[in-house]
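J.: Take a look at this one; I'll ask things after.
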Amino acid sequence: DESCTTQFYHKAPSSWTRFSTNGYSVYVCDRLITEIQTERNKFLPNETGGALIGSIDILRKKIYIFDSIYAENSVNEREYFIRGDKTVLKQYEKYREVTDGQICYVGEWHSHPDGCPTAPSSLDIKLLRDLTEHMAPEGLPVVMIITGKKKLTVTCGIAQ
């Protein structure tokens, strides 16, 4: 502004958890992991989920995931979750604008109810395959995170 003043903001750096999958190191912000687990608990016994936002370093084979976008019109059922699309594109475009295009869509996350493993189900594997094909023209990997009561599983799909 015209006053040419500066302000100091003290913010503790984020902590991250590293997962290795399919030749990639996937770093997930611990704050996001907590948010995902909170969302899961809010919807139990049904599943829930969202789109994952972050950045991809193809050369170093690293993916950084720091946020999720939740859709208002999602279908949350006991045996499955279908992410809606209402408000997702608008929120995503806002991220792109604020970061000058430095972030991107990196995949999807969803929860599994208590008593179910966090390993991808046959439906999850099909979805990961479809997402991988969708990202193939750009040569980008895609991430699927599945969260359960005590475990988080991260899987990376890579276009061939």
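The values are calculated or read from the model by the stated rules, or taken from the named source; none is laboratory data. The structure presented is a predicted model; accordingly, all values stated were derived computationally and were not measured. When we count neighbours, we look across all protein chains shown, and the Cβ atoms used for this are built from the backbone with ideal geometry, even at glycine. Accessible surface is based on the protein model in full, side chains and every heavy atom, while ligands, DNA and RNA are left aside. Shrake-Rupley method; radii C 1.70, N 1.55, O 1.52, S 1.80 Å.
J.: Strictly over 20 Å apart at the Cα level, which of K42/K151; K61/K86; K42/K149 would you flag in this model?
T.: From K42/K151; K61/K86; K42/K149, over 20 Å: K61/K86.
J.: Related question: Among the aspartates and glutamates, select those whose C-alpha is under 18 Å from the C-alpha of K94, and discard any that sit fewer than 8 residues away in the same chain.
T.: Candidates past the 8-residue exclusion: D67, E72, D85.
J.: Another one. Before anything else, pin down the relative contact order of segment 22-103: Cα pairs under 8 Å, at least 6 apart, normalised by residue count, whole percent.
T.: 27
J.: Moving on to the next point. What's the carbon and sulfur percent of the chain's accessible surface, probe 1.4 angstrom, rounded to a whole number?
T.: 52
J.: Mind checking the dipole of the chain: about its Cα centre, +1 per Lys or Arg Cβ, -1 per Asp or Glu Cβ, Debye to the nearest 20? Mind showing how you got there, number by number?
T.: Working: 19 positive and 21 negative charges, 126 e Å.
Using Cβ point charges on Lys, Arg, Asp and Glu, the chain gives about 600 debye.
J.: Oh, and also: Points 7 angstrom from Cα along the Cβ direction at D130 and K61: gap in nanometres?
T.: Distance between the two pseudo-spin positions: 2.9 nm.
J.: Given DSSP loops and a limit of at most 13 other Cβ atoms within 10 Å, what is the longest stretch of the chain that contains no such trypsin sites (Lys or Arg not before Pro)?
T.: After excluding every exposed loop site, the longest remaining stretch is 87-149.
J.: Roll a 1.4 Å probe over the protein chains and send me the accessible area per residue for segment 21-160 in Å².
T.: 55
J.: Give me D for segment 94-160 in µm² s⁻¹, whole number, from Stokes-Einstein with Rh from the Kirkwood sum over alpha-carbon pairs, 4 °C and 1.567 mPa s.
T.: Roughly 99 µm²/s, to the nearest whole number.
J.: Let me ask something additional. If eta is 1.002 mPa s and T is 20 °C, what Stokes-Einstein diffusion coefficient results for the chain, Kirkwood Rh from Cα pairs, in µm²/s? Can you show the working numbers first?
T.: Working: Rh = 16.6 Å.
Calculated translational D: 129 µm²/s.
J.: Related question: Using the C-alpha gyration tensor of segment 1-69, what are the square roots of 5 times its eigenvalues, in whole angstrom, with the largest one first? Walk me through the numbers before you get to the answer.
T.: Details: eigenvalues 164, 88, 26 Å².
Values for segment 1-69, descending: 29, 21, 11 Å.
J.: Do any chymotrypsin sites (Phe, Trp or Tyr not before Pro) in segment 5-54 lie in a loop, going by DSSP, with at most 14 other beta-carbon atoms within 10 Å of their beta carbon, and if so which? All intermediate terms of the calculation are to be shown ahead of the outcome.
T.: Numbers: sites: F8, Y9, W16, F19, Y24, Y27, F43; in loops: F8, Y9.
Within segment 5-54, the qualifying chymotrypsin sites (Phe, Trp or Tyr not before Pro) (loop, at most 14 other Cβ atoms within 10 Å) are F8, Y9.
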